[in-house]
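Right, one structure below, let's go through it.
The values are calculated or read from the model by the stated rules, or taken from the named source; none is laboratory data. What you see is a predicted model; the values in this text were computed from it and never measured. Cβ sites come from the backbone with ideal geometry, for glycine too, and all protein chains shown count toward neighbours.
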Amino acid sequence: MKTGETGILTTTLEKALEWGRSNSLWPLTFGLACCAIEMMAIQASDLDISRFGSEIFRNSPRQSDLMIVSGTVTKKMAPRVRRLYDEMPYPKYVIAQGVCVIQGGPYNQGYSVVLGVDKVIPVDVYVPGCPPTPEALTYGLILLQKKIRHETDR
Amino acid sequence: MVEVIEESIGKDGRKVIKVAKEYLIAIMKDLKSQGYDHLSLITGIDRKDKLEVVYHLHNMKEDKYLVIKTETLDERVPSLTSLYSSANWDEREQYDLMGIVFEGHPNLKRLFLPESWVGHPLRKNYDLSKVQYINMDENGDDYATFDPGDGW
């Protein structure tokens with residue numbers, strides 16, 4: 001980006017689109033297990049992801065850009081998660097919240113749990129923890145925004 | 001007359017009565033008339049050579065609990081659906097996960113897993129190395145396969 005002397009901002013169209021997308025990530029109202037309680041906390045007044053443009057949790061997958069997979073994905077739930085993801089319009093992003101979603105977590109040896117939601121849908125940001133703190137999830141959201149803007153982290 | 005095999009007090013202070021499965025319905029009828037009007041849960045235990053079924057009864061008026069145990073060698077136990085309506089889903093759950101067949105149950109289908117799931121996962125001899133996957137067909141019904149296939 002270059003600022004001109006006359007007060008004109010010049011940028012590329014891609015950069016402007018990326019900036020717009022990264023600051024209007026509306027998540028899908030979608031919780032699977034105990035991690036969902038932590039996900040609700042990031043919307044509450046303490047952390048308030050509205051500050052980063054994730055204004056409201058949309059109730060329809062057709063109006064949301066971000067899916068926060070919060071909680072254990074059971075094998076029975078996996079086709080439903082896939083369907084919700086398919087119903088979201090492009091561009092769409094996924095945050096995997098918690099170890100259950102990353103690789104099965106404490107249910108890794110069990111019969112009923114999907115060993116990582118990335119076997120079903122593509123994941124952009126992994127937030128580990130059991131459950132991750134709301135702060136960690138907010139950090140994951142900021143990481144995703146940087147990823148969308150192609151900014152290098154650190 | 002109901003023959004009681006063993007009577008003891010559990011760790012939580014509840015009375016535990018062990019009966020043969022032939023006398024299960026008789027003792028339950030008896031206890032229901034004594035005021036034990038709520039069957040709160042049914043548990044299955046895999047002892048490898050036999051299956052044990054545990055019933056927890058609750059007397060609502062006097063707030064008393066009672067545990068009835070029975071065991072089976074051939075995976076078959078009489079159903080209690082004619083006495084307690086809550087036994088319906090509890091028995092379906094035990095059939096689903098433990099493979100205990102409740103004789104006389106009006107609708108003995110799997111409760112959690114799809115019908116095409118192979119085996120009963122809480123049994124000791126269940127093979128965990130054979131991973132099963134669940135997919136959804138066009139009508140929204142689940143089916144289980146060994147092949148990951150589309151969507152996985």
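Looking across the stretch B:127-147, just one residue is within 7 Å of another protein chain (Cβ to nearest Cβ) and surrounded by fewer than 16 Cβ atoms within 10 Å (Cβ to Cβ), and that is B:Leu128. In summary, A:Gly116 fulfils each of the numbered conditions (1) surrounded by 19 or more Cβ atoms within 10 Å (Cβ to Cβ); (2) at pLDDT 90 or above; (3) not hydroxyl-bearing (Ser, Thr, Tyr) with the single exception of condition (2).
Tell me, please, whether a residue that is within 14 Å of another protein chain (Cβ to nearest Cβ), hydrophobic (A, V, I, L, M, F, W, C) and assigned to a helix (DSSP H, G or I) can be found in the stretch A:139-150. So far as the stretch A:139-150 goes, no, none of its residues is within 14 Å of another protein chain (Cβ to nearest Cβ), hydrophobic (A, V, I, L, M, F, W, C) and assigned to a helix (DSSP H, G or I). If you check B:Leu66, B:Leu57, B:Leu122 for being surrounded by fewer than 17 Cβ atoms within 10 Å (Cβ to Cβ), touching a residue at least 24 places away in the same chain (Cβ under 8 Å) and away from chain A (no Cβ under 13 Å), only one passes: B:Leu66. Restricting the stretch B:58-83 to residues that are assigned to a loop (DSSP other than H, G, I, E, B) and touching a strand residue (DSSP E or B) at 6+ places or on another chain (Cβ under 6 Å), the residue that is farthest from B:Tyr36 (Cα to Cα) is B:Glu75.
Listed here are the residues, each with its yes/no results for (1) touching a residue at least 24 places away in the same chain (Cβ under 8 Å); (2) among the hydrophobic types (A, V, I, L, M, F, W, C); (3) within 26 Å of A:Asn108 (Cα to Cα).
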site	(1), (2), (3)
A:Ala16	no, yes, no
A:Arg21	yes, no, no
A:Phe30	yes, yes, yes
A:Cys35	yes, yes, yes
A:Asp65	yes, no, no
A:Ser70	yes, no, yes
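The residue pairs whose first member lies in the stretch B:21-48 and is acidic (Asp, Glu), whose second member is at pLDDT 90 or above and assigned to a helix (DSSP H, G or I), and whose beta carbons are closer than 8 Å, counting only pairs six or more residues apart or on different chains, are B:Asp46/B:Met98. Selection over the stretch B:127-151 of residues that are touching a Phe, Trp or Tyr at 6+ places or on another chain (Cβ under 7 Å) and among the aromatic types (Phe, Trp, Tyr) gives a count of 1. Among the residues making up the stretch A:58-71, those that are assigned to a loop (DSSP other than H, G, I, E, B) and either within 14 Å of chain B (Cβ to nearest Cβ) or surrounded by fewer than 17 Cβ atoms within 10 Å (Cβ to Cβ) (or both) are A:Asn59, A:Ser60. For the stretch B:84-109, the set of residues classified as in a loop (DSSP other than H, G, I, E, B), on the phi < 0 side of the Ramachandran plot, in contact with a Lys or Arg (Cβ under 7 Å, 6 or more places away or on another chain) and surrounded by 15 or more Cβ atoms within 10 Å (Cβ to Cβ) consists of B:Leu108 only.
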